[in-house]
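Chemist: Please see the structure below; I have some questions.
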Amino acid sequence: MEKMNLLLLPGLLNGASLFEHQAEALADLVGITVADLTGSDSIAALAADVLQQAPSGPFMLAGMSMGGYVAFEIMRQAGERVRALALLSTSARPDTPDATAAREELITLAETDFPAVIDKLLARMAHPEHANTPEVGGVFQSMATGLGREVFVRQQRAIIGRADSRPTLASIRCPTLVLCGRDDLVTPPDVHRELAAGIAGAQLEIIEECGHLLPLEQPEQVTGILRGWLSDLVRPLKPFSRVPG
């Protein structure tokens, strides 16, 4: 029997390395595709890019942070193809004026000192215990440096212009998992509680000692939760047997 495909959507300045642990550990269960979210400067265009990259037919979708914003747009553009949805470290809310101003400051700083931008992002995203470790800080630095300033600017423009997805939460009917870090400063637990409350039947998991970079900071826990959730979804249905009467 052919595996269902799981499409993974990374966050700001993240590449495939973000999901390395999950991709390797779940490959026996589902087909894995990590989308490239570097080519466009709007969430709608990024969603269209992902749909071009996606395997044919239905798929499961997991988006982290900016990847979650793209996931909401995919649900609007092609929701009939999505069999299940996982939302990690993300929000349905639009950008606030204060957040937009902070992003504009970073865009300006990136013109002269992109490494300083990476340092500022990491300090806010990662739990203090994880920010300076090779497994978290080192991987984030490597991904961000490799993608570069131009990708950063495009992605920030997309994030600034994202839609308010709260009005469409109730239209999401597929099985949905919401994960967040207890110490996430970017998208705190209350934002994820809002997601879980707005999507019928959504499952909420809050991971301790973890900031915004869930897949890197607590890879074993994230993978374990995803594996349990996916296993229930892909398990073949038992054949129907009529009760004699």
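Rule-based calculations on the coordinates, nothing more; no lab input. Here the structure is a predicted model, which is why all the values come from computation and not from measurement. All Cβ positions, even for glycine, are placed from backbone atoms using ideal geometry, and neighbour counts span all protein chains on display.
Chemist: Which one of 176, 136, 214 has its Cα pushed farthest toward the positive end of the charge dipole of the chain, where Lys and Arg give +1 and Asp and Glu give -1 at the Cβ?
Modeler: Highest projection toward the positive end goes to 176.
Chemist: If you average the alpha carbon positions of the range 1-74 and of the range 126-147, how far apart do those two centres end up, in angstrom?
Modeler: 21 Å
Chemist: Quick one, can you get me the convex hull of the C-alpha atoms of the range 99-245 expressed as volume per residue in Å³? Numbers along the way, then the final one.
Modeler: On the way: hull volume 22.7 nm³, N = 147.
Value for the range 99-245: 154 Å³ per residue.
Chemist: Could you put 65, 17, 231 in order, starting from the residue whose Cβ has the fewest other Cβ atoms within 10 Å? Walk me through the intermediate numbers first.
Modeler: Working: 65 26, 17 17, 231 12.
With the sparsest Cβ surroundings first, the list reads 231, 17, 65.
Chemist: Going from the alpha-carbon gyration tensor of the range 44-113, what semi-axes, largest first and in whole Å, does one get by taking the root of 5 times each eigenvalue? Could the numbers behind the result be given before it?
Modeler: Working: eigenvalues 162, 37, 20 Å².
Each semi-axis is √(5λ); the values are 28, 14, 10 Å.
Chemist: Quick one: helix 139-160 against the long Cα principal axis of the chain, what's the angle to the nearest 10°, folded into 0 to 90?
Modeler: Result, in degrees: 90.
Chemist: Principal axis lengths of the chain from Cα atoms, whole Å, largest first?
Modeler: Principal-axis extents of the chain (Cα, largest first): 78, 34, 32 Å.
Chemist: Let me ask you something else. Would you mind ranking 174, 180 so that the residue whose beta carbon has the fewest other beta carbons within 10 Å leads the list? The partial results should precede the final answer.
Modeler: Details: 174 17, 180 29.
Lowest count first: 174, 180.
Chemist: A further question on this structure: How large is the helix-only mean residue ellipticity at 222 nm for the chain, computed as the sum of -39500 (n - 2.57) over DSSP H runs with n ≥ 4, divided by its residue count, in deg cm²/dmol to the nearest 500? Could the numbers behind the result be given before it?
Modeler: Working: 9 runs with 109 residues, N = 245.
Here the helix-only value at 222 nm equals -14000 deg cm²/dmol.
Chemist: Cut-off 10 angstrom, C-alpha nodes, Gaussian network model of the chain. Which of 86, 78, 62 fluctuates the most?
Modeler: Sorting by GNM fluctuation, first place goes to 78.
Chemist: Here's something else I'd like to know. Which value, in debye to the nearest 20, describes the size of the charge dipole of the range 158-236 about its Cα centre when Lys and Arg Cβ atoms bear +1, Asp and Glu Cβ atoms bear -1, and nothing else is charged? Please list the in-between numbers first.
Modeler: Values: 7 positive and 11 negative charges, 95 e Å.
The calculation lands at about 460 debye.
Chemist: Can you check what the Kirkwood hydrodynamic radius comes to for the range 18-149, Cα pairs only, in Å to one decimal? Could the numbers behind the result be given before it?
Modeler: Numbers: mean 1/r = 0.0606 Å⁻¹.
Hydrodynamic radius (Kirkwood, Cα pairs) of the range 18-149 is 16.5 Å.
Chemist: Shifting gears a bit: Which loop-located GluC sites (Glu not before Pro) does the range 129-231 contain, where loop means any DSSP state but H, G, I, E or B and the Cβ has at most 10 other Cβ atoms within 10 Å? Walk me through the intermediate numbers first.
Modeler: Numbers: sites: 129, 135, 150, 194, 205, 208, 209, 217, 220; in loops: 129, 208, 209.
Answer in residue order: 208.
Chemist: Test of the criteria: in the range 1-104, which GluC sites (Glu not before Pro) are in a DSSP loop and have at most 11 other Cβ atoms within 10 angstrom of their Cβ? Can you show the working numbers first?
Modeler: Numbers: sites: 2, 20, 24, 73, 80, 104; in loops: 2.
Taking the range 1-104 and a limit of 11 other Cβ atoms within 10 Å, the loop GluC sites (Glu not before Pro) found are 2.
Chemist: Further question on the same structure: Using the number of other C-beta atoms within 10 angstrom as an exposure proxy, rank 87, 29, 213 with the fewest first.
Modeler: Numbers: 87 31, 29 16, 213 28.
Neighbour counts put them in this order, fewest first: 29, 213, 87.
Chemist: Compute the long axis of helix 114-125 from its Cα atoms, compare it with the longest principal axis of the Cα atoms of the chain, and write down the angle in degrees, 0 to 90, nearest 10.
Modeler: 50 degrees
Chemist: Evaluate the charge dipole of the chain about its Cα centre and quote only its size in Debye, nearest 20, assuming +1 on the Cβ of each Lys and Arg and -1 on the Cβ of each Asp and Glu. Intermediate results must be reported in sequence, preceding the final value.
Modeler: On the way: 20 positive and 30 negative charges, 237 e Å.
For the chain, the charge dipole is close to 1140 debye.
Chemist: Further question on the same structure: Counting only residues 5 or more places away or on other chains, whose amide H sits under 5 Å from the amide H of residue 181 once H atoms are built in the peptide plane?
Modeler: Here 89, 207 satisfy the definition.
Chemist: Given springs between every Cα pair under 10 Å in a Gaussian network model of the chain, which of 184, 232, 49 has the largest fluctuation?
Modeler: Most flexible of the set in this elastic network: 232.
Chemist: Taking the Cβ of residue 118 as the centre, find all other residues whose Cβ is under 15 Å away and add up their charges (Lys, Arg: +1; Asp, Glu: -1).
Modeler: Working: positive: 103, 120, 124, 149; negative: 105, 111, 113, 119, 150.
Taking every Cβ under 15 Å from that of residue 118, the sum is -1.
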